[in-house]
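Engineer: Provided herewith is a single structure, encoded as C-alpha cells, for subsequent inquiry.
The values are calculated or read from the model by the stated rules, or taken from the named source; none is laboratory data. All values reported here derive from a predicted model rather than from experimental measurement. Don't worry about glycine lacking a Cβ; one is built from the backbone with ideal geometry, like all the others, and counts go over all protein chains shown. Quick note on the areas: whole protein, heavy atoms, side chains included, nothing else; ligands and nucleic acids left out. Shrake-Rupley method; radii C 1.70, N 1.55, O 1.52, S 1.80 Å.
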Amino acid sequence: MTALLPRPNSLTRGSGEYPLDASTRVTAPDELAGVAAWLVGALRPATGLPLREGNGDGSGITLTLSSELDPEGYRLESSPAGVRIEGGDESGAFYGAQVLLQLLPPAVYRKALVGGVRWAVPSVTIEDSPRFAWRGVMLDVARHFLPKHDVLRFLDLMAMHRFNTLHLHLTEDQGWRIEIKRYPRLTEVGSWRRETQVGGAPDSPTDGRPHGGFYTQDDIREIVAYASARAITVVPEIDVPGHSQAAIAAYPELGVSGEPLEVFTRFGINYNVLNTEESTVQFYLDVFDEVMDLFPSPFIGVGGDECPKEQWAADARTQELMRERGLADEEELQTWFIRRLDDHISARGRRLYGWDEILEGELAPSATVASWRGMTGARVALRRGHDVVACPDDVVYLDYRQSELPDEPIPVSISLTLEDVYAFDPVPAGITEEEATHVLGGQANIWTEHMDNPRTIDYFAFPRLCAVAEALWSSGERSFAAFTERLDPHLARLDAVGVEYRHADGPRPWQTRPGILGRPATREERAVHMAELVANIAR
Ligand code: ACM
C-alpha cells in the first residue's frame, strides 16, 4: 500500500517488508512519548498486538527527532529490519506515525480485532514536509450543534489528513455554543432555539422542533487537549458585531433596540446586530478573556463578517456615539469596534483573526485575514501587509452543492466538484514574492445551516476535504487524475473509519432531501453578487 494521501514530496520503494508481530516494540525519546502513545493506541485495536515499549536497540518501530528536518516535516524509512520515523518536531513525528498507518492495510483503521490480515509495512523511504503552515478546516458548530464526541471524531479525521488548524465557529444568530462563566445566560438562553428553518429558500418553512447544545469549559479543555495531541491548534471564533442575535437574546442590552429578541430561527444575513456602547465592548472583552484562558491558540477569531449597517444608521444613540468618537460612517464604527477587541487581544500577546470584512478599515499590522469572498480579500490584505488565510467561497466552501445533479441535498450556491476543490491554490495570482510569504495557507469552511447532523457533515466534507488536504500539504505538480488513483484506496480507509462520504456517482437515497428547496446559483450570478459585496474593500 503506497497510495498515500496527501501525496508526499518523495517516496522510494525498497524491497521486502517489515511484518508487525507480537515481538514488535515501539521506541521513542521522552519528547515523543505522546506520539508513541498515539501510535500504539492507533495500531493496537485492529492488530491486537501488544506493541510494548522498546529498549532503543533500533529494532521494531523507532521514533526520533531530527534537527535537520523542517518543522512538521518527517522522514520515514522502513525495511525488513524495522521502521524508523524522524520528525523535524513533534508534529512531524506525528505525521510520520500517521503515514505508517497508511502503509498498512485499510483495516488498521477499524476499532476492534481484525482477523486474517497480514500487518506488514512495505519497504519505503519517504521524505516529506508541508507546503503551508496553516492547513485548516472551519467547522460551524453554531448553526447546528455538533456534539463533543463528534468534534473529537472530526479531529481524528483532520489529523489523518494532516490538517493542523480547526477554526471553531462558536457563536451565531442561531446559537451560542461555549460556556462563559461570567455570563451564564449566553448558554442558558442562547444555546438553544425554538425551531429551525428547513431549506435555503427565503420562504422555507420551520420545523417546530427545538435545537440546541453547548460545550462546557471542561468540554472545551478536552477538545483543545485532544486536538493538541494530534498536532492541531483550535482557533476559537466569537463572531461580532453581526451574527450575534443569540447573545442579544440572552442579554437584550447588547442589542441596538434593547427589545427582547429570541435566538434566531431563520438563516441568512440578519438585520439585528450589537450596539457599540462601552458596556457592550466591556462585555465582549470579558468573554474574550475567558476564551483566551481556554484556547492557547496564537490566533483569536472575532468574525466581523456580514454586519448589516442599517440598524446603526437608523439609531439616534448609535449616531451620537459615532459623533463622540469622531467616526464618519458606520464602516468606521465597525472598524472602531474590531480595533477595541484587537487592542485587548494584542495586549494579551495574541493575534486577531477575522473574515475579510475587517479590511473595511485600518487594522493592527498583526491582524490576520480569512479571505472568503473569493480572493479579493487576500489580495487587499497582502497589499496592506497582513497575513492571509485563503478560504475562497468559490473553491472551498464545502456547504456548496457537490454537482449539478438535481438530487444533491439542499443545494446551495454554485456546484463545487471534487475536481474544482482539488484546484485550490491559496496563493493569489499576480502577487509579489514578498507578499506570498504572508500567505499562511488555507482552510475549507463547513457552514452547517443545512447540515443538521454528523452524517450530513460527512457527506459534504468527504472526499472534498481529501482534495483540500493535498492542496495545502503537497508541493509540486498536481494531477487530478493521479489524485483520484490514490483516492480510491484512500476511500477504503474512510470506509474502515466509518465515514459516510459522497460517492462519485452522487448521493445515496438516504443522503438526499427530497422536496427541501436550496438556493442554487450559477457561477455568473455568484460572481456578480460577490463583486458587489467586496467593492468597498477593493477600492
Ligand atoms: C462567511 O461566509 N460569512 C464568512
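Engineer: For helix 33-47, report the angle its Cα long axis makes with the longest principal axis of the Cα atoms of the chain; keep it between 0 and 90° and round to the nearest 10°.
Structural biologist: For 33-47 against the chain, the angle is about 70 degrees.
Engineer: Counting other Cβ atoms within 10 Å of each Cβ, which GluC sites (Glu not before Pro) in region 202-301 have at most 15 and sit in a DSSP loop?
Structural biologist: In loop regions of region 202-301 (DSSP not H, G, I, E or B), the sparsely surrounded GluC sites (Glu not before Pro) are GLU262, GLU277.
Engineer: Which percentage, to the nearest 5, of the DSSP beta bridges contained in the chain is antiparallel? Walk me through the numbers on the way to the answer.
Structural biologist: Values: 25 of 70 bridges.
DSSP beta bridges in the chain are roughly 35 percent antiparallel.
Engineer: Just to confirm the filter: which GluC sites (Glu not before Pro) across region 43-101 are DSSP coil and have at most 14 other Cβ within 10 angstrom of their Cβ?
Structural biologist: Answer by residue number: GLU68.
Engineer: Now for a different question. Using only alpha carbon pairs under 8 Å that are at least six residues apart, calculate the relative contact order of the chain and give it in whole percent.
Structural biologist: Relative contact order for the chain comes out at 15 percent.
Engineer: Note down the accessible area of GLU259, probe 1.4 Å, to the nearest 10 Å².
Structural biologist: Accessible area of GLU259: about 110 Å².
Engineer: Let me have the 222 nm mean residue ellipticity of the chain computed from DSSP H runs of 4+ only, each contributing -39500 (n - 2.57), with the sum over all residues rounded to the nearest 500. List each step's numbers first, then the result.
Structural biologist: Details: 18 runs with 186 residues, N = 539.
Taken over the chain, the calculation gives -10000 deg cm²/dmol.
Engineer: In whole angstrom, how far apart do the alpha carbon centroids of region 419-464 and region 35-114 sit?
Structural biologist: 29
Engineer: Taking the Cα centroid of region 272-319 and of region 158-202, what is the distance between the two, rounded to the nearest whole Å?
Structural biologist: Distance between centres, Cα-based: 16 Å.
Engineer: Under 13 Å from the Cβ of SER279, count the other residues' Cβ atoms, weight Lys and Arg +1, Asp and Glu -1, and hand me the total.
Structural biologist: Details: positive: ARG317, ARG340; negative: GLU253, GLU277, GLU278, ASP286.
Computed value for this residue: -2.
Engineer: Let me ask something else. Please give the contour-minus-distance gain from LEU113 to ARG384: 0.36 nm per residue of separation, less the Cα-Cα distance, rounded to one decimal in nm.
Structural biologist: So the extension gain works out to 92.0 nm.
Engineer: On to the next question. Roughly how far apart, in whole Å, are the Cα centres of region 390-412 and region 465-539?
Structural biologist: 7
Engineer: Let me ask something else about it. Taking LYS111 as the anchor, which aspartates and glutamates have their alpha carbon closer than 17 Å to its alpha carbon, excluding any fewer than eight residues away along the same chain?
Structural biologist: Qualifying aspartates and glutamates at Cα under 17 Å: ASP150, ASP156, ASP495, GLU500.
Engineer: For labels at LYS181 and ASP505 in the simple 7 Å Cα→Cβ model, what's the distance in nm?
Structural biologist: Modelled inter-label distance: 5.6 nm.
Engineer: Which net charge results when you count Lys and Arg as +1 and Asp and Glu as -1 among the other residues whose beta-carbon is under 11 Å from that of TYR18?
Structural biologist: Summing Lys and Arg as +1 and Asp and Glu as -1 gives -2.
Engineer: Something else about it: Under a 1.4 angstrom probe, counting protein chains only, how are SER244, SER228 ranked by accessible area, largest first?
Structural biologist: From most exposed to least exposed: SER228, SER244.
Engineer: How much accessible surface area, in Å² rounded to 10, belongs to the heavy atoms of ILE516 with a 1.4 Å probe?
Structural biologist: Approximately 50 Å² of ILE516 is accessible to the 1.4 Å probe.
Engineer: Only Cα pairs under 8 Å and at least 6 apart count here; give the relative contact order of region 57-111 as a rounded whole percent.
Structural biologist: 32
Engineer: Placing +1 at every Lys and Arg Cβ and -1 at every Asp and Glu Cβ, with all other atoms neutral, what dipole size does the chain have around its Cα centre, in debye to the nearest 20?
Structural biologist: 1520
Engineer: If packing is taken as the mean number of other Cβ atoms within 10 Å per residue, what is the order of 331-338, 449-456, 21-28, highest first?
Structural biologist: The peptides rank, most packed first, as 331-338, 449-456, 21-28.
Engineer: In the calculated pair distance distribution of region 67-144, what percentage of Cα-Cα distances lie above 15 Å?
Structural biologist: Across region 67-144, Cα pairs with separations above 15 Å total 64 percent.
Engineer: Counting other Cβ atoms within 10 Å, keep those with at most 15, restrict to DSSP loop, and tell me which trypsin sites (Lys or Arg not before Pro) in region 184-236 are left. Walk me through the numbers on the way to the answer.
Structural biologist: Values: sites: ARG185, ARG193, ARG194, ARG221, ARG230; in loops: ARG194, ARG230.
Loop-located and lightly packed - ARG194.
Engineer: Separate question: Using only protein heavy atoms and a 1.4 Å probe, report how much of THR216 is accessible, in Å² to the nearest 10.
Structural biologist: 50
Engineer: Sticking with this structure for a sec: When 1/r is averaged over all different Cα pairs and the result inverted, which Kirkwood radius in Å belongs to the chain?
Structural biologist: 24.3
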